[in-house]
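**Student:** Shown below is the structure under consideration.
Read-outs: derived from the displayed coordinates by stated rules, not from any lab. Computed from a predicted model, the values in this text were never measured in an experiment. All Cβ positions, even for glycine, are placed from backbone atoms using ideal geometry, and neighbour counts span all protein chains on display.
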Amino acid sequence: MHRKADMWLIRTFWDFEFPHPLLPNFEFVGGLHCRPAKPLPMEMEEFVQSSGEDGIVVFTLGSIVTNITEERANVIASALAQIPQKVLWRYDGKKPDTLGPNTRLYKWIPQNDLLGHPKTKAFITHGGTNGIYEAIYHGIPMVGIPLFADQPDNIAHLMAKGAAVRLDFNKMSTTDLLNALKQVINNPSYKQNAMRLSTIQHDQPMKPLDRAVFWIEFVMRHKGAKHLRPAAHDLTWYQYHSLDVIGFLLACVAAALFVITKCCLFCCQKFPIAGKKEKRE
C-alpha cells in the first residue's frame, strides 16, 4: 500500500520538523485537527477559574494509556500536589493515596479546549502527535513523558526547539517531575519558544486541513499523481539495492583481469626465448 500511494500527507510541519529534503509527493499537514478552544463544561470551568493567577496544568498520557501502576501513580500525584497550579489529570485507575487537593481526576478531558484556555501554564504529555500539535497550536510548553512508538522522537524535536523537558516514565522520581514542572512553568523561555512555534504554525498561506483536502481532491481529479511519484517504488529489489549495477561492475573488473592475465601469459611465452638468446650472447 505504501509503495502504491501517489501522495503522502505527513502529520507534521516545519515548526516541528528539522530541515531536510522531501520528495515531491510529500505534503506536510501537521495540525490539521487543531481548532480554536471551545468553552469548557461548567464544573470544569469553575475548577479552572479557582486556580487564580497560578493557572492550571493539563496532564494526559493519551487514549491508549488510561491506567498505570499504583507506585507510578503515587509518584506522579505526589509531585502534582506540590505545585501551586490546579491540575486536570486524565486518569482511569485507582485514586492515588498521595493525590493533592489541587488535582482532579477525569476519565476524559476536552484536551484541545483546555490547552487553549488562557489559564493553562503547562502540558504533561506522552508525546503523541495529536496532543503535541494542539499544544503547539495554542503555544503551551510541555513536560514530555514518552512511552513508545514515535513519542520519544517527538519529544526530542520539542526539546531541540526549547519548548519541552523530557522525563523517563519508569525512572522519574517525584522530585524529577516537580523540578521539570517548575522549570517549564517558571522559566519564561519555554513559553516564548512554544509561542514562537505557535506563530509559525498559524502563519501559513493555507490551513493544514484545507491543504490536505486540496491534495486529496487533486489526486481524485487527475486519477492519481504519477508525475509526483518517485520511480524508486517501481524498481525490483535487486535494482533498488543496485545489485545489477554492482554485478555489471564486477563483470567489468573480471573481464579486465582476464584480459590482463591473458596478455601476461602471452608475453611470458614470447619474450623468455629472446631473453635466453641475449644471455648466451
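**Student:** Around Pro39, what is the net charge, scoring Lys/Arg as +1 and Asp/Glu as -1 over all other residues with Cβ under 9 Å from its Cβ?
**Tutor:** Local net charge: -1.
**Student:** At a Cα cut-off below 28 Å, give the lysines reachable from Lys121, other chains included and same-chain residues fewer than 8 away excluded.
**Tutor:** Lys38, Lys86, Lys94, Lys95, Lys107, Lys161, Lys171, Lys182, Lys191, Lys207
**Student:** From the backbone phi of the stretch 254-266, what are the Karplus-calculated ³J(HN,Hα) couplings (6.51 cos²θ - 1.76 cosθ + 1.60, θ = phi - 60°) in whole Hz, Gly and Pro given as x?
**Tutor:** So the J values, rounded to whole Hz, are 4, 5, 5, 5, 5, 5, 4, 4, 4, 4, 5, 5, 5.
**Student:** Turning to a different aspect of this structure: Hey, what D do you get for the stretch 42-203 in µm²/s if you plug the Kirkwood alpha-carbon radius into Stokes-Einstein at 10 °C and 1.306 mPa s?
**Tutor:** 103
**Student:** Using only Cα atoms, find the angle between the long axis of helix 151-160 and the longest principal axis of the chain, and express it within 0 to 90 degrees, rounded to the nearest 10.
**Tutor:** Tilt relative to the chain: about 80 degrees.
**Student:** Note down the magnitude of the dipole of the chain about its Cα centre, charges +1 on Lys and Arg C-beta and -1 on Asp and Glu C-beta and zero elsewhere, to the nearest 20 debye. Mind showing how you got there, number by number?
**Tutor:** Details: 32 positive and 26 negative charges, 274 e Å.
I would put it at about 1320 debye.
**Student:** Let me ask you something else. Gaussian network model of the chain, Cα springs within a sub-10 Å range: biggest mean-square fluctuation belongs to which of Glu17, Glu53, Glu134?
**Tutor:** Glu53
**Student:** Around Pro152, what is the net charge, scoring Lys/Arg as +1 and Asp/Glu as -1 over all other residues with Cβ under 14 Å from its Cβ?
**Tutor:** Net charge around Pro152: -1.
**Student:** Also, quick follow-up: Bin by bin, in steps of 5 Å, what percent of the Cα pairs in the chain do you find, going until the bin that has the longest distance?
**Tutor:** Each 5 Å bin holds this share of Cα pairs: 1, 5, 10, 12, 13, 11, 8, 6, 5, 5, 4, 3, 2, 2, 2, 2, 2, 2, 2, 1, 1, 0, 0, 0.
**Student:** So for the stretch 112-260, averaging the separation of alpha carbon pairs under 8 Å that are six or more residues apart and normalising by length, what relative contact order in percent results?
**Tutor:** Normalised by residue count, the contact order of the stretch 112-260 is 18 percent.
**Student:** Follow-up question, since we're still on this one. Compute the angle between helix 208-221 and the longest alpha-carbon principal axis of the chain, please, reported from 0 to 90 degrees and rounded to the nearest 10.
**Tutor:** It is inclined by approximately 50 degrees.
**Student:** Could you work out which residue, out of Leu114, Leu250, Leu99, moves most in a Gaussian network model of the chain, that is, has the largest mean-square fluctuation with Cα springs under 10 Å?
**Tutor:** Greatest mean-square fluctuation among the candidates belongs to Leu250.
**Student:** Let me ask something else about it. In 10 Å bins starting at 0, how do the alpha-carbon pair distances of the stretch 1-119 split up by percent?
**Tutor:** Over the stretch 1-119, the share of Cα pairs per 10 Å bin runs 11, 32, 25, 19, 11, 1 percent.
**Student:** How tilted is helix 188-202 with respect to the longest principal axis of the chain? Cα atoms for both, answer in degrees (0 to 90, nearest 10).
**Tutor:** For helix 188-202, the angle is close to 70 degrees.
**Student:** Could you list which residues have their amide H under 5 Å from that of Phe13, counting only those 5 or more apart in sequence or on another chain, with H placed in the peptide plane?
**Tutor:** Residues meeting the amide H criterion: Gly30.
**Student:** I want the local charge near Asp168. Using Cβ-Cβ distances under 12 Å, sum +1 for each Lys or Arg and -1 for each Asp or Glu among the other residues. Display every interim value, and only then the final one.
**Tutor:** Details: positive: Arg72, Arg166, Lys171; negative: Asp176.
Residues close to Asp168 contribute a combined charge of +2.
**Student:** Stretch Trp108-Asp176 to full length: gain in nm at 0.36 nm per residue minus the Cα-Cα span?
**Tutor:** Separation in residues times 0.36 nm, less the Cα-Cα distance, equals 21.9 nm.
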